[in-house]
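Student: Once you've had a glance at the structure underneath, I'll fire off some questions.
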Amino acid sequence: MSATPTTSEKLLLATINLMAEKGYDGTTTKEIALAAGVNEVTLFRHFGTKEKLLEAAFSRFHYGNEMTRLFNEDLKGYLQEDLLTVSRTYHSIMNRNRKLISIALKGSSSLPDSVLQEASRNPTHLKNLLTDYLTAMSSEGKVVTSNPEIQALSFMWMNYGAFINRLNDEEAVSEDVLDDFIEESVRIFTKALSP
């Protein structure tokens, strides 16, 4: 986000803050506009509807773009080092976006289908990035893969489970415990996939 948030960014952040507190159905466009410091007409001009506004929030703040950059620019071809980078980045992004994730989890039965589709786009994208990475590492003889897609899902679910546990009870899982978990789970995963 820019140093001085744009009108669109203010609207997206206000949407996330209000919907995390009041839910999708309990939040009005008038409240969002007021919290963003604009009028409701400005909200409609930028996004059209409350549904499109929440879709844009998931598109803008979820982890898909950052993970794409990470896989394209920061991974070195060393399994343990790379998986530590992926796992730490994932947890950092998810923690930063905990309100947005809460909206999806708490409101999943009332959110419009288009919002749920946008929210699920990022996990699917990460699965594809991990699957491609494991396939490439396998072709270089650096990992043993029997089913890279299932192995990618296993890695994701392991990290997602840790995030959800922390989301539900942050006091029970400190930063130190999370870091120990990341180190140990990546070590085990690396050992299982090493030739």
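Student: Please name all residue pairs, on different chains or six or more residues apart, with Cβ atoms under 7 Å, provided the first residue is in the range 21-34 and is modelled with pLDDT under 95 and the second residue is among the hydroxyl-bearing types (Ser, Thr, Tyr).
Tutor: Cβ pairs passing all conditions: Tyr24/Ser110; Asp25/Ser110.
Student: Given the conditions (1) without any contact (Cβ under 8 Å) to a residue 24 or more places away in the chain; (2) within 17 Å of Ile93 (Cβ to Cβ); (3) surrounded by fewer than 18 Cβ atoms within 10 Å (Cβ to Cβ), which single one is not true for Pro123?
Tutor: Status for Pro123: all satisfied but (1).
Student: If Met67 passes every condition in (1) at pLDDT 95 or above; (2) crowded, with 19+ Cβ neighbours inside 10 Å but one, which one does it miss?
Tutor: (1)
Student: Quick check: is even one residue across the range 183-193 in a helix (DSSP H, G or I), over 24 Å from Ala136 (Cα atoms) and in contact with a helix residue (DSSP H, G or I) (Cβ under 9 Å, 6 or more places away or on another chain)?
Tutor: Among the residues of the range 183-193, not one is in a helix (DSSP H, G or I), over 24 Å from Ala136 (Cα atoms) and in contact with a helix residue (DSSP H, G or I) (Cβ under 9 Å, 6 or more places away or on another chain), which makes the answer no.
Student: Quick one: is Ser110 touching a residue at least 40 places away in the same chain (Cβ under 8 Å) and either out of contact with any strand residue (DSSP E or B) (no Cβ under 6 Å at 6 or more places or on another chain) or hydroxyl-bearing (Ser, Thr, Tyr) (or both)?
Tutor: Values: touching a residue at least 40 places away in the same chain (Cβ under 8 Å): yes; either out of contact with any strand residue (DSSP E or B) (no Cβ under 6 Å at 6 or more places or on another chain) or hydroxyl-bearing (Ser, Thr, Tyr) (or both): yes.
Yes: the conditions hold for Ser110.
Student: So for the range 120-135 (the condition being among the basic types (Lys, Arg), under 30 Å from Glu55 (Cα atoms) and either at pLDDT 95 or above or in contact with a Gly (Cβ under 7 Å, 6 or more places away or on another chain) (or both)), does at least one residue qualify?
Tutor: Step one: of the range 120-135, the residues among the basic types (Lys, Arg) are 121, 127.
Among the residues that remain, those that are also under 30 Å from Glu55 (Cα atoms) are: 121, 127.
Next, from what is left, pick out any that are either at pLDDT 95 or above or in contact with a Gly (Cβ under 7 Å, 6 or more places away or on another chain) (or both): 121, 127.
Looking for residues that are among the basic types (Lys, Arg), under 30 Å from Glu55 (Cα atoms) and either at pLDDT 95 or above or in contact with a Gly (Cβ under 7 Å, 6 or more places away or on another chain) (or both), one finds at least one in the range 120-135, hence yes.
Student: Still on this model: Can you find a residue that is of a type in the set (S, T, N, Q) and either surrounded by 15 or more Cβ atoms within 10 Å (Cβ to Cβ) or in contact with a helix residue (DSSP H, G or I) (Cβ under 6 Å, 6 or more places away or on another chain) (or both) anywhere in the range 52-59?
Tutor: Taking the range 52-59 as the starting set, the residues that turn out to be of a type in the set (S, T, N, Q) are 59.
Those still in the list that are either surrounded by 15 or more Cβ atoms within 10 Å (Cβ to Cβ) or in contact with a helix residue (DSSP H, G or I) (Cβ under 6 Å, 6 or more places away or on another chain) (or both) too: 59.
Checked the range 52-59: at least one residue is of a type in the set (S, T, N, Q) and either surrounded by 15 or more Cβ atoms within 10 Å (Cβ to Cβ) or in contact with a helix residue (DSSP H, G or I) (Cβ under 6 Å, 6 or more places away or on another chain) (or both).
For every residue, the table says whether it meets (1) closer than 20 Å to Lys76 by Cα; (2) in contact (Cβ under 8 Å) with a residue 60 or more places away in the chain; (3) open to solvent by 50 Å² or more (accessible area, probe 1.4 Å).
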residue	(1), (2), (3)
Asn128	yes, no, yes
Glu140	yes, yes, yes
Val143	yes, yes, no
Ile164	no, no, no
Leu167	no, yes, no
Asp180	no, no, yes
Ser185	yes, yes, no
Leu193	yes, yes, no
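Student: Then there is this: Please state which one of Thr27, Thr42, Thr85, Thr15 is over 14 Å from the mean Cα position of the chain (by Cα), outside any helix (DSSP H, G or I) and not small (Gly, Ala, Ser). Before the answer, list the steps.
Tutor: Values: Thr42 fails: outside any helix (DSSP H, G or I); Thr85 fails: outside any helix (DSSP H, G or I); Thr15 fails: outside any helix (DSSP H, G or I).
After applying the criteria, what remains is Thr27.
The values are calculated or read from the model by the stated rules, or taken from the named source; none is laboratory data. Quick caveat: nothing in here was measured; it's all calculated off a predicted structure. All Cβ positions, glycine included, derive from the backbone under ideal geometry; neighbour counts span all protein chains shown. The area values use the complete protein model at the heavy-atom level, side chains included, leaving out ligands, DNA and RNA. Shrake-Rupley method; radii C 1.70, N 1.55, O 1.52, S 1.80 Å.
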